[in-house]
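The values are calculated or read from the model by the stated rules, or taken from the named source; none is laboratory data. Please read these numbers as outputs of a predicted model, since none were measured by experiment. Don't worry about glycine lacking a Cβ; one is built from the backbone with ideal geometry, like all the others, and counts go over all protein chains shown.
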Amino acid sequence: MTLSRFLRLSAHIQMLPLLESGEETLVGGQAVMEGVMMRAPHSYCVAVRKPDGSLVTEQKPIARMSEKYPWLKFPILRGIGTLGQAMTLGTKALYFSANAALAEEQSAPELTSRMMFGAIFFSVIMMIAVFKFLPLLLATQIGHVVPALSSRFATNMTDGLIRMAILLAYMFAISLMPDIRRVFEYHGAEHKVVFNYESGKPVTVENAQKFVTFHPRCGTSFILVVFALAMIVYALVPVDGFWLKLAVRIALLLPISGLSYEVIRFAAKRQGTFMGALTAPGLWLQRITTKPPDDTQAAVAIHALEGAMALEAKQGGQLVIA
């Protein structure tokens, strides 16, 4: 794998949490390279537009995490389980789409599982360095220079604000990459088609294009809630010392993610209320992570939805396209 292809793949992997809509009881999806993955409770389908214009798909049955492991029905734990499965499915979908979308580039060899693992490992290390290590280091150094910001609470708040600023700058910068902008257009297509399905109207390109690209269950909203809750939780943990604080931040990543899942799940069902307002910043931020799709991109998202629904029906599912 060439360095440029490796970095492109890593950038897509780093975008997975922002593009994922992890909710096991609802129709949802995720944008991938030149395509969309749609999932129903017991099935998923990835549809990808190849360079020659043809469509290729991969569809497989899946089991809900709460059905496989009953203990994952409990609050917080169900969020960790659902999000873990969502990231696993997202990685599989990205692996399929990368091979389909990049196969004809300079006779590039097929992406192997070892290459994918290397890109994932690199992405995880980069995300920890950029969003855990660097903000804490900067906040600690600021505390040394400005005594008023040296307390445990002030350091954690400064760390959180720096982390949020890095996230916004990172999202804006990466959105300028042609590859990622295309993914954001497919992200918009996924949201439009899900809205179309949820409306009960026939799912068509014309109908889907009438809906907005901002969805309250989007991974962008989820990440923003994770960052906001992390600021509060970190400030309440009675630990001092740079390396101990860093270890706590890494250790609490899953519990905070599970808690954030519950907040988003609760707020998404209460749009128009004070709790529903919690999703508003995430919706605003989706102006970066979603872009208006063209009709061909909306058609790919519909194809993915139809594939997931068809497989769901074969397994006895009740969800059907209106």
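Output the residues belonging to the stretch 25-82 that are part of a loop (DSSP other than H, G, I, E, B) and over 17 Å from ALA304 (Cα atoms). Within the stretch 25-82, THR25, PRO51, ASP52, ALA63, ARG64, TYR69, PHE74, PRO75, ILE76 qualify.
Okay, residues lined up against (1) farther than 26 Å from LYS314 by Cα; (2) without any contact (Cβ under 8 Å) to a residue 60 or more places away in the chain; (3) in contact with a helix residue (DSSP H, G or I) (Cβ under 9 Å, 6 or more places away or on another chain); (4) surrounded by fewer than 17 Cβ atoms within 10 Å (Cβ to Cβ):
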position	(1), (2), (3), (4)
VAL46	no, no, yes, no
PRO51	yes, yes, yes, yes
GLN59	no, no, yes, no
PRO70	no, yes, no, yes
LYS73	no, yes, yes, yes
LEU83	no, no, yes, no
ALA86	no, no, yes, no
ALA93	no, no, no, no
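If you go through the stretch 257-282 and keep only what is at pLDDT 75 or above and either surrounded by fewer than 18 Cβ atoms within 10 Å (Cβ to Cβ) or in contact with a His (Cβ under 9 Å, 6 or more places away or on another chain) (or both), you end up with GLU262, PRO281. Taken together, the residues in the stretch 34-58 that are farther than 20 Å from LEU83 by Cα and at pLDDT below 90 amount to 5. With respect to PHE153, is the statement that it is in a helix (DSSP H, G or I), within 14 Å of TRP243 (Cα to Cα) and of a type in the set (Phe, Trp, Tyr) true? No; evaluated as a whole, the condition is false for this residue. Of the helices (runs of 4 or more DSSP H) entirely within the stretch 168-253, those holding at least 1 residues that are β-branched (Val, Ile, Thr), more than 30 Å from THR140 (Cβ to Cβ) and in contact with a Lys or Arg (Cβ under 9 Å, 6 or more places away or on another chain) occupy 178-199. Beta carbons closer than 8 Å, at least 6 apart along the sequence or on distinct chains, pair a first residue in the stretch 195-219 that is on the phi > 0 side of the Ramachandran plot with a second that is part of a loop (DSSP other than H, G, I, E, B) for GLY200/ALA322.
So is GLY22 surrounded by 24 or more Cβ atoms within 10 Å (Cβ to Cβ), at pLDDT below 75 and in contact with a helix residue (DSSP H, G or I) (Cβ under 9 Å, 6 or more places away or on another chain) or not? Yes. Name the single residue that is modelled with the highest pLDDT among those in the stretch 186-202 being surrounded by fewer than 20 Cβ atoms within 10 Å (Cβ to Cβ), out of contact with any His (no Cβ under 8 Å at 6 or more places or on another chain) and not basic (Lys, Arg). Only one residue tops the list, namely PRO202.
Within the stretch 281-295, the set of residues being of a type outside the set (Lys, Arg) and assigned to a helix (DSSP H, G or I) comprises PRO281, GLY282, LEU283, TRP284, LEU285, GLN286, ILE288, THR289, ASP295. Please verify whether the stretch 211-234 includes one or more residues that are surrounded by fewer than 16 Cβ atoms within 10 Å (Cβ to Cβ) and of a type in the set (D, E, K, R). Within the stretch 211-234, none of the residues are surrounded by fewer than 16 Cβ atoms within 10 Å (Cβ to Cβ) and of a type in the set (D, E, K, R). None of LYS68, LYS50 is over 16 Å from ALA301 (Cα atoms) and out of contact with any Lys or Arg (no Cβ under 9 Å at 6 or more places or on another chain) except LYS68.
Examine the stretch 170-178 for a residue that is β-branched (Val, Ile, Thr), exposed (fewer than 14 other Cβ atoms within 10 Å of the Cβ), under 23 Å from the mean Cα position of the chain (by Cα) and at pLDDT below 90, and state whether such a residue exists. Within the stretch 170-178 (the criterion being β-branched (Val, Ile, Thr), exposed (fewer than 14 other Cβ atoms within 10 Å of the Cβ), under 23 Å from the mean Cα position of the chain (by Cα) and at pLDDT below 90), the answer is no, since none of the residues qualifies.
No other residue among LEU83, LEU16 is at pLDDT below 75, in contact with a Ser or Thr (Cβ under 8 Å, 6 or more places away or on another chain) and within 20 Å of VAL226 (Cα to Cα) apart from LEU16.
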